[in-house]
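J.: Just dropping this structure here.
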Amino acid sequence: MLDDQLIARFENYMQRFPKLYFSLTEIVKKFIPESVVKPVIVDLGAGPGLLSFEMAKQIPDAMILGVDPSKEMLNFANKKIKSENFKAVVGGSEKIPMESGKADIVVSRFTLAYWDSLENGLREIHRVLRSDGALVLEALNKDFPKWKLLTIKVQMHLRSATKDVIRYHVDAYKTAYGFNEVSDFLTNTGFEIVYSEYKKKDWKFIIVAKK
């Protein structure tokens, strides 16, 4: 159960790693169709709005829809992002509050492990994307060695992360997916993979797939 204190601790910790949000936003920018002047971007699993905030800075003409099942998370996002081009709405991977074919980009960062159904989530993303739209997916890697996961816990502790923040990050690996598994689901739901960053023993991977 999330509360304001946990969300604040999570946000404070993740703000120490701005390059993560910057680099993912750079990938999002590359896959916005050239003909689109004011792209519509769905930040699926927006949380407290750290990625949406970075995208709003780098892509000021974009309309960004921050989708998250937690009203508490979205309240933080609304406080953080002072832009008329950002809207926070309650929703999830299997129920994105948007008409079909309206999104240029759907981006999801480290939320895959929390989806109820990978297949249903991908089909819902496919529904809301335009015909030339793209999904930018950054996900925890199920094949990440357990001993390395222990070192991450130690590093987070040394960086003064609280126990609940450490647990929030590490527990997600229990329901994470592998790169090949996600790739197969994407192909089976009508996507074409056009870009990826993947090493078998890395802690995460990135896949970009077009509709």
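None of the figures in this text is laboratory data; all of them are computed from the coordinates on show. The shown structure was predicted, so the numbers you read here are calculated from the model rather than taken from an experiment. When we count neighbours, we look across all protein chains shown, and the Cβ atoms used for this are built from the backbone with ideal geometry, even at glycine.
J.: Apply the Debye scattering formula to the stretch 61-211, with a single equal point scatterer on each alpha-carbon and no solvent, then give log10 I(q)/I(0) at q = 0.13, 0.15 Å⁻¹.
T.: For the stretch 61-211 at q = 0.13, 0.15 Å⁻¹, log10 I(q)/I(0) is -0.67, -0.87.
J.: Still on this structure, I have one more. Taking a point 7 angstrom from the Cα of residue 99 along the C-beta vector, which residues in the stretch 111-148 have backbone N less than 15 Å away?
T.: Only 128-131 fall inside the zone, counting backbone N under 15 Å.
J.: Here's a follow-up. What are the GluC sites (Glu not before Pro) within the stretch 24-128 that DSSP puts in a loop, where the Cβ has at most 15 other Cβ atoms within 10 Å?
T.: When the GluC sites (Glu not before Pro) of the stretch 24-128 are filtered for loop state and at most 15 Cβ neighbours within 10 Å, 34, 84, 94, 99 remain.
J.: Mind counting lysine pairs for me in the stretch 18-91? Cα separation below 17 Å, and the two need to be 8 or more apart along the chain or on different chains.
T.: The number of close lysine pairs in the stretch 18-91 is 17.
J.: Considering amide H positions built from the backbone, and no H for Pro or chain starts, which residues 5 or more places from residue 92, or on another chain, come under 5 Å of its amide H?
T.: Counting only residues 5 or more places away or on other chains, the set is empty.
J.: Number of Lys pairs in the stretch 100-211 with C-alpha atoms less than 16 angstrom apart, excluding same-chain neighbours closer than eight positions?
T.: The result is 22.
J.: With θ set to phi - 60°, apply the Karplus curve 6.51 cos²θ - 1.76 cosθ + 1.60 along the stretch 95-101 and write out the HN-Hα couplings as whole Hz, x wherever there is a Gly or Pro.
T.: Taking θ as phi minus 60°, the curve returns 8, 8, x, 7, 5, 4, x Hz for the stretch 95-101.
J.: Could you check which residue among 174, 80, 102 shows the biggest mean-square fluctuation in a GNM of the chain with a 10 Å Cα cutoff?
T.: 174
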